[in-house]
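Laboratory data are not the source of any read-out in this text; all were calculated from the coordinates shown. Values in this document were obtained by computation on a predicted structure and should not be read as measured data. Here the Cβ positions follow ideal geometry from the backbone for every residue, glycine too, while neighbour counts run over all protein chains shown.
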Amino acid sequence: MSGSTMNPADIAASVLVLGIIVVSLLSNVVVLICFLYNPEIRRQVPGLFILNLTFCNLLLSVSNMPLTLFGLITAGHPGGGTVCQIVGFLDTFLTTNSMLSMAALSIDRWVAVVFPLSYHSRIRHRDAVIALGYTWIHSLCFSTVATCRSWVGFHHLYASCTLWSVRAKGADTQFVVFTVALHSLTFLLTLIVLCLTYLKVLKVARFHCKRIDVITMQTLVLLVDIHPSVRQKCLDEQKRRRQRATKKISTFIGTFVVCFTPYVITRIVELFTPGPISPHWGVLSKCLAYSKAASDPFVYSLLRHQYKKTCSVLANKVLKRSPLNSSSLRTETNTARSNNNTTAAATANSIQPPGDGQPPSDKPLEP
């Protein structure tokens, strides 16, 4: 990683970090705009956890990632010692906070699926604020201890300002205990919570799908004259429903494992292995951890119907298409013409009941 000329691996790593920065900034900013624009999203309890996760990802994208990119380009120490200590503090705090936010989101989804009728009484905004308070206290404790003990600095293995120790006598054992405790109470704890909650959610979802499948099959048996193609479409839809549930749960758990596991394992191996670790692998594991900040908006927010609809409305406003306004204008014109025709008919026949125009649309928004 040293030298005045960048090798191909460093160039590829720099391009990767730059791409992660761009995607993370754009996607998380879009999530933040959707949260501020749509009051329905703000009223939902999961929106608080997503907001906290978005805040962590944005701050990580503007503080830690640029310094890692600078360290890769210059192959040296990015900035002064004080700046690196602050960024190292943020690295521990933001990573821990984002992991715990994912655990809180999984618990919220577990309660919503397992206890749907009592969800609003079990999970309220006050409970969400208390959970977020714990994530902040938990994260601040570890990051503050690491900073006060001077266990943060520029680590050449990861080309970033993060947890680091000179392995001085008397402090080595303490740093090992601290690092193991940090990853056990953040990464391992979050992974256990994600697996327990989402696998339970998947089990309940499959149970409901099975009940729906039984009812559908009974209906198909009764409809003896149903066309075979219609029957096959119903069976295919049942299969797609089960696959969607499995795919969502696999995405939640899989992205967490793929992005954070290499970095955490490298951290643990580094503590107990006297031999050197390839700096290219160290940078790659750090890039994978950074990529979680870029994937979170798509995993938890932007692929949901509410966010996609909000993004569509905002895009139409930015592009000045205003389809809603034009459609509203056409609706008002048609309504006025309908009212005029209704009034004329009522005058002629004197038997037209009032309010016989088009009924208002009461169709609720899709969740």
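Using θ = phi - 60° and the Karplus curve 6.51 cos²θ - 1.76 cosθ + 1.60, what whole-Hz ³J(HN,Hα) does each residue of region 282-295 get, with Gly and Pro shown as x?
With coefficients 6.51, -1.76 and 1.60, one gets x, 5, 4, 5, 5, 5, 5, 5, 5, 5, 5, 5, 7, 8 Hz.
For region 114-192 and region 19-37, what is the separation of their C-alpha centers, rounded to whole Å?
24 Å
Residue-wise, which Karplus ³J(HN,Hα) couplings in Hz belong to region 87-92, taking 6.51 cos²θ - 1.76 cosθ + 1.60, θ = phi - 60°, and x for glycine or proline?
Those phi angles translate into 5, x, 4, 5, 4, 5 Hz.
Using amide H atoms built in the peptide plane, which far-off residues or other-chain residues are under 5 Å from H155 H to H?
Amide H neighbours of H155, under 5 Å, 5+ apart: S160, C161, T162.
Kindly put D108, D172, D10 in sequence by how many other C-beta atoms sit within 10 Å of each C-beta, fewest to most. Kindly include the intermediate steps, with their values, before the conclusion.
Details: D108 22, D172 13, D10 19.
In increasing order of surrounding Cβ atoms, one gets D172, D10, D108.
Arranged by the count of other C-beta atoms within 10 angstrom, fewest first, what order do M99, M65 take?
Details: M99 28, M65 23.
Going from sparsest to densest Cβ surroundings: M65, M99.
With θ taken as phi - 60° and the coefficients 6.51, -1.76 and 1.60, list the Karplus ³J(HN,Hα) couplings across region 271-279 in order, rounded to whole Hz; mark glycine and proline as x.
6, 10, 10, x, x, x, 10, 4, x
Give me T82, T54, T251 ranked fewest to most by other Cβ atoms within 10 Å of their Cβ, as a rough exposure proxy. Spell out each step's value before the answer.
Numbers: T82 8, T54 26, T251 16.
So the residues, fewest neighbours to most, are T82, T251, T54.
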